[in-house]
Amino acid sequence: MLRLAEILLFLTPLALFILWRVLAPFGGLSARFVAVAAGVIAVLFLTLLWYRGVGSMSPHASYVPPTYKNGRIIPGHAAPP
């Protein structure tokens, strides 16, 4: 999911430029379209910032890889320092 968001953020300026070039002969982009596009980009950016805070571990924590114990897989996690 995160890679998809990064790719979308990377390709958004190109897509907007192509839209502008296609729609420019017909009067350009409407103000409403530009506002909606800016809102979508802002929501995507804020979601990435939120996910960064939720999905990250402390810089001093140690990563414990997944292990197999008693027939169960224990997922990887951050161990306290």
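The values are calculated or read from the model by the stated rules, or taken from the named source; none is laboratory data. Values in this document were obtained by computation on a predicted structure and should not be read as measured data. Positions of Cβ are backbone-derived with ideal geometry, glycine not excepted, and every protein chain shown enters the neighbour counts.
Out of all the residues in the range 20-35, which are in a helix (DSSP H, G or I) and either in contact with a Leu (Cβ under 7 Å, 6 or more places away or on another chain) or among the basic types (Lys, Arg) (or both)?
Trp20, Arg21, Leu23, Arg32
Which one of the conditions (1) at negative phi; (2) loosely packed, with under 10 Cβ neighbours inside 10 Å does Leu46 fail to meet, given that it meets all the rest?
(2)
Cβ-Cβ distance below 7 Å, separation of 6 or more or different chains: which pairs start in the range 36-63 with a residue that is over 26 Å from Ala78 (Cβ atoms) and end on one that is in a helix (DSSP H, G or I) and at pLDDT below 90?
Correct list of pairs: Ala37/Leu16; Ile41/Thr12; Leu44/Ala5; Leu44/Leu8; Leu44/Leu9.
Per-residue answers, yes or no, for (1) of a type in the set (Lys, Arg); (2) more than 22 Å from the chain's Cα centre (by Cα); (3) exposed (fewer than 10 other Cβ atoms within 10 Å of the Cβ):
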| position | (1), (2), (3) |
| --- | --- |
| Arg3 | yes, no, yes |
| Leu11 | no, no, no |
| Trp20 | no, yes, no |
| Phe26 | no, yes, yes |
| Phe33 | no, no, no |
| Ala37 | no, no, no |
| Ile41 | no, no, no |
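Please work out which one of (1) out of contact with any strand residue (DSSP E or B) (no Cβ under 7 Å at 6 or more places or on another chain); (2) within 30 Å of Ala78 (Cβ to Cβ) is the condition Leu14 fails and give its number.
(2)
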